[in-house]
There are 4 protein chains.
Amino acid sequence: MTLDATAAGVYAIAATPFLPDGAVDYASVDRLTDFYLGCGVTGLTILGIMGEAPKLDPAEALAISERVIRRAGVPVVVGVSAPGFAAMRALTHGVMASGAAGVMIAPPPTLRTDDQIVTYYRQAVETIGADVPFVIQDYPLTLSVVMTPTVIRTIVMEHPSCVMLKHEDWPGLEKISALRGFQREGSLRPLSILTGNGGLFLDFEMERGADGAMTGYAFPDMLVELVARARAGEREAAHDLFDAHLPLIRYEQQQGIGLAVRKYVLQRRGAIAHDAQRAPAGVLSAAARGEIDYLLGRLARVDGRALV
Amino acid sequence: MTLDATAAGVYAIAATPFLPDGAVDYASVDRLTDFYLGCGVTGLTILGIMGEAPKLDPAEALAISERVIRRAGVPVVVGVSAPGFAAMRALTHGVMASGAAGVMIAPPPTLRTDDQIVTYYRQAVETIGADVPFVIQDYPLTLSVVMTPTVIRTIVMEHPSCVMLKHEDWPGLEKISALRGFQREGSLRPLSILTGNGGLFLDFEMERGADGAMTGYAFPDMLVELVARARAGEREAAHDLFDAHLPLIRYEQQQGIGLAVRKYVLQRRGAIAHDAQRAPAGVLSAAARGEIDYLLGRLARVDGRALV
Amino acid sequence: MTLDATAAGVYAIAATPFLPDGAVDYASVDRLTDFYLGCGVTGLTILGIMGEAPKLDPAEALAISERVIRRAGVPVVVGVSAPGFAAMRALTHGVMASGAAGVMIAPPPTLRTDDQIVTYYRQAVETIGADVPFVIQDYPLTLSVVMTPTVIRTIVMEHPSCVMLKHEDWPGLEKISALRGFQREGSLRPLSILTGNGGLFLDFEMERGADGAMTGYAFPDMLVELVARARAGEREAAHDLFDAHLPLIRYEQQQGIGLAVRKYVLQRRGAIAHDAQRAPAGVLSAAARGEIDYLLGRLARVDGRALV
Amino acid sequence: MTLDATAAGVYAIAATPFLPDGAVDYASVDRLTDFYLGCGVTGLTILGIMGEAPKLDPAEALAISERVIRRAGVPVVVGVSAPGFAAMRALTHGVMASGAAGVMIAPPPTLRTDDQIVTYYRQAVETIGADVPFVIQDYPLTLSVVMTPTVIRTIVMEHPSCVMLKHEDWPGLEKISALRGFQREGSLRPLSILTGNGGLFLDFEMERGADGAMTGYAFPDMLVELVARARAGEREAAHDLFDAHLPLIRYEQQQGIGLAVRKYVLQRRGAIAHDAQRAPAGVLSAAARGEIDYLLGRLARVDGRALV
């Protein structure tokens, strides 16, 4: 299972479960993997920003990757972004040897100019090897690196191993249209575009030409259904489903506590045993937990998946 | 009409209408003012970030202020943030002489430490005079200045003329709770808290203790109704109304093009003659206009105000 | 006197003198203008960042410009950077009508991508008019906007009215070499490059191909001599002079208090009556003043100009 | 050898030598350690920002630490800053077991408010253990985190294991004075302050109350002599020595290529075999190498140590 430019559907950004004492909760790693598979996802993305990757030591990162890849039976993309290339190389080689489908690379926050971004991906490809399929993570709100469609095209055309864009610009609808326009005019080869941002614009992103979603919203089963309906051209049904979930999607999209919301819902859904995070971590107040419960209750009236 | 800490309800953040050639559209200034009044707003806030204030020259800023204040008959808050104190002083004196209810001051993006923020507001109060009621604008996503509840309390307690917080932190629900907690414990005097961010969290902000909204969502009539229902304790009705508008509220909250969305809807609602902005400005593609039209159509099924 | 790409020598970045009560000290404006002329500068640059331009109101900015231009008899460049184009247009038209040689435009700190920077200068030229000679201010340390040599070339080639680069990147020696290399290969037309950063690298900047300096170091007479020696090929003499001043140049290059140092020295040299700044302003402690006095004393042993 | 608040003198920030193929050059690690000892340093600091620590994998970091600690015979401080606490804990335990004198911790670039900074150091101390002496690295220019003297005092007073400040604010002279003032008034316990920034203000930092330097300037022997002269009250001699080196100190202080300059000089002085860096790395042009050679030649006229 190797990632290529035909990838589509939903790749769930997987949380990393911890025990209350901070140790990795491997039993929940398995349970969560099964949960995602039960939701019908096409693939998994692990060790991303929301997977608390920087809080893991290298041995843990590798152990989790091996465990998920062995169990999943679907393509697994592994985040290998690191402050230095030595760590990126070591992790990439480890997870590809374990059967990962590809890796995802975010630009370091210090990059500014178009040239700096293109050069960074050139060095990254030298680091991981030109034979390893990789995903560009384009996430300006968190990383403060802004990539134009032209820069993305330059990277894609320079590296045949670049097969996917994790599109997480905000706002980003025009970026999808621009990239698809490049392809229509013949200046960009096929590229999978999966969108992030917790799904906040997934309704229209599909209409603009996205191939699916790569995000961590705690209802990946809804994402799967939404992507399917959108691809089937059932516009009204797709928006109805999206709108029902939007209050919770919106609530999850709070910087600093978004992951806490997500883990709380995953725990309530039985996908993980604890909603613990490693420090530093955003913590939910009692009021916040009450608000989430309230939103779940309202959602459950129209979507039985929220009956938890 | 002087702003004080009992202010509540909805203060609409007013757009500034322009003609297609970039001149101020004074006829639409009047029409828009009437539109807001017809929506039942408690007050108006003009020359804010979304009012394209930095694109006006000082004479225009003063002329618009005078015109709106004279016509409105409700309290008008004027944004006087400026790169230098000379401009802040001149504009403040001008608009207060014209009958403004108070001014709003955002911190410059270079501030970092708690001390720097407190010192800045001390200098600002020296600039505008201790007798001019002012609003703190707390908007980290755009301004990159982060104010803790403690810093806000320090500023409020130091300056009796500080009567309101335009709360626009994101996420910010805990900040409202923290400030209201300070008041319960007696360490903070009364303070009006009106929330921004386009209304994206207004449903819960009201429940956390906000006094209302100060934001520019293109359906201020909905904001007025929502705030009234929330204050009346009609929780379900408030959330139902909010959820119906959330797809559009969400769409409006796109950095760079949010104002274009807002002006487009205001134009469709007949509140302004043109959706023109002064450069630099985000522009809506045909696809984006189609998406807004679609959202308005869906909204109109449950809220007749969207029949435009 | 119109600025063109043959400009060379020293353009002093002029301070703006204030009285202790914060009013503009017009007598010192004249005295300082005469001081610069006595130093042998080729031109003057007023209303730059170090000239406290954002702290002036528009009427003051125009009054100071007119006064300096009338008195100077050398080309005067006026900084017209502003948060909005309306203010930029008004100030540009005002000062060009008064006889300014050209204007200087810095990019707003929000720009990130190459395209955004190029687009901004396109809009700026539309604003000021294609007939007004302008200077690009390239100052990443303060403005956080990074322009590659390629971006600068694009702007220069697109706008015949772009005649000068105020080079203030840090480090920036390779940028000068890259631009001069573009010219040797024929891809860039003639362009004046004057360097800033308080002169901290002026010794080598001249050797890399700069045409001179545009900076505010409090010994413009030294800058004039240094540029002359460098252009005459007197390498050792140029470095000897530079090295003697380097301890003070270095001391002046402290963010936040650099202008205070500069005004203190200008006052000690008799060029202005007061070293007052408008708020917000960095303030020199007694210890800092003592350190400057000490550095002046050491400098005076080898350069009589420091006997103050 | 455990670090405590009486530490003084020069702690050289050690470069990490690499072979041209990117492997760690352990022979040069030894040679460089001997070089520093021959310069008379009081201690060493390894795995700092200039030590390319983020480019090492954990095994390399530990191997280098053990090797330097075993050989040095002077206190060795190890940089343990990491994106997550798991990595910080693992490295700290490893190097303390190997005999490190203490560790150095820089704040992550995302911190903004005073509370966030104080909380981060609280979590870091929980991570490394309250018995491990640590150094606060205060380096706003690179890290964009601004710590007031009050915040530093809070951290120091809360954690007895905080024994040193690596002072690298810029400008930072007043910060040293403020901290020493806190101690005179009795609100701050003893604290070692060693200064960084390549030594660019070391002349006056010593006069303001610094205990010495912790920086990587390629002439640590000069730093040792300068600190000794300053502490002996030989003001003129100290400044004469400083001024002779200032042109090179200044040249080394160029962001992005500073380390390349430093390694080039260390190689010319015979302290390391190669000036190679791991990617991403700034590279010196032929022109830059020529400029450094020229500066060394000029320096050699007054300081024989530069005869290389």
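The values are calculated or read from the model by the stated rules, or taken from the named source; none is laboratory data. Keep in mind that what you see is a predicted model, and the values were worked out from it rather than measured. Positions of Cβ are generated from backbone atoms using ideal geometry, with glycine treated the same way; all protein chains shown enter the neighbour counts. SASA here: full protein model, heavy atoms, side chains in, ligands and nucleic acids out. Shrake-Rupley method; radii C 1.70, N 1.55, O 1.52, S 1.80 Å.
Below, the figures for the structure above:
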read-out: Centroid-to-centroid separation of the range C:103-121 and the range B:1-70 [C-alpha atoms, Å]; value: 29
read-out: Built amide H within the under 5 Å cut-off of D:Thr45, gap 5+; value: D:Ala12, D:Ile13, D:Ala14, D:Val77
read-out: MRE, 222 nm, helices only [DSSP H, n ≥ 4, -39500 (n - 2.57), over chain C, to nearest 500]; value: -15000 deg cm²/dmol
read-out: Cross-link pairs beyond the 28 Å C-alpha cut-off, checked among B:Lys55/B:Lys263; C:Lys55/C:Lys263; A:Lys175/B:Lys263; A:Lys166/D:Lys55; B:Lys166/C:Lys263; A:Lys55/D:Lys263; value: B:Lys166/C:Lys263; A:Lys55/D:Lys263
read-out: Surface/4 estimate of mean projected area, convex hull on alpha-carbon atoms of the protein assembly as shown, nm²; value: 43.6
read-out: For the range B:154-308, Kirkwood radius (reciprocal of mean inverse C-alpha pair distance, Å); value: 16.9
read-out: Net +/- balance of residues flanking D:Ile272 in space, Cβ distance below 13 Å, scoring K and R +1, D and E -1; value: 0
read-out: Label distances, nm, B:Gly209 versus same residue in remaining copies, Cβ-directed 7 Å point; value: 3.9, 4.9, 6.3
read-out: Restricting the range D:233-305 to trypsin sites (Lys or Arg not before Pro) in coil, as DSSP defines it, with at most 12 other Cβ within 10 Å; value: D:Arg301
read-out: Gaussian network model of chain D, springs between alpha carbon atoms under 10 Å - residue of D:Tyr217, D:Tyr120, D:Tyr11 with greatest fluctuation; value: D:Tyr120
read-out: Net charge contributed by nearby residues that have their C-beta within less than 15 Å of C:Arg301 (K/R +1, D/E -1); value: -4
read-out: Label-point separation, B:Arg184 to A:Glu185 (7 Å along Cα→Cβ), nm; value: 5.9
read-out: Residue-by-residue Karplus 3J(HN,Hα) for the range B:5-20, coefficients 6.51, -1.76, 1.60, Hz, glycine and proline x; value: 6, 8, 4, 8, x, 10, 9, 6, 6, 7, 6, 10, x, 10, 7, x
read-out: Highest-MSF residue in chain A out of A:Gln116, A:Gln277, A:Gln267 [GNM, Cα springs under 10 Å]; value: A:Gln116
read-out: Amide H partners (placed H, <5 Å) of C:Val74, local residues excluded; value: none
read-out: Chain B Cβ-axis minimum, rotational copy D, residue and distance in Å; value: B:Asp114, 2
read-out: Percent antiparallel among DSSP beta bridges (both partners in chain C, rounded to 5); value: 5
read-out: Heavy-atom accessible area, 1.4 Å probe, ligands and nucleic acids excluded: residues of the range A:50-65 down by at least 40 Å² from chain alone; value: A:Pro54
read-out: Distribution of pairwise C-alpha distances over the range D:9-232, 10 Å bins, in %; value: 8, 35, 38, 17, 2, 0
read-out: Highest-fluctuation residue, D:Val132, D:Val156, D:Val283 considered, GNM on chain D with Cα pairs under 10 Å; value: D:Val283
read-out: Relative contact order of the range C:55-156, pairs being alpha-carbon contacts under 8 Å that are 6 or more residues apart, as %; value: 26
read-out: Residue order for C:Ser192, B:Ser177 - accessible surface, 1.4 angstrom probe, largest first; value: B:Ser177, C:Ser192
read-out: Estimated FRET transfer efficiency when R0 is 41 angstrom, pair D:Glu66-D:Thr119 (beta carbons, to 0.05); value: 0.80
read-out: Carbon/sulfur fraction of accessible area - chain C, other protein chains in place, 1.4 Å, %; value: 55
read-out: Whole-Å distance, taken between Cα centres, linking the range C:264-308 and the range B:196-213; value: 53
read-out: A:Trp170 accessible area, assembled protein chains, probe 1.4 Å, Å²; value: 40
read-out: log10 of Debye I(q)/I(0), alpha-carbon scatterers only, for the range D:254-293 at 0.26, 0.33 Å⁻¹; value: -0.91, -1.23
read-out: Kyte-Doolittle at least 0.0, axis length at least 20 Å by Cα - qualifying DSSP helices, chain D; value: D:58-72, D:286-300
read-out: Low-density loop positions, GluC sites (Glu not before Pro), the range C:52-114 - DSSP coil, at most 14 other Cβ in 10 Å; value: none
read-out: Mean Cα-pair separation over length for the range B:9-232, i.e. relative contact order, pairs under 8 Å, 6 or more apart, %; value: 20
read-out: Beta bridges by DSSP in the protein assembly as shown, antiparallel share as percent, to the nearest 5; value: 5
read-out: Inter-label distance, nm, simple model (7 Å from Cα along the C-beta direction), D:Ala287/C:Asp21; value: 5.2
read-out: Accessible area in square angstrom per residue, the range D:120-233, 1.4 angstrom probe; value: 29
read-out: Computed E for B:Thr142/A:Asp30 - FRET, C-beta separation, R0 60 angstrom, nearest 0.05; value: 0.90
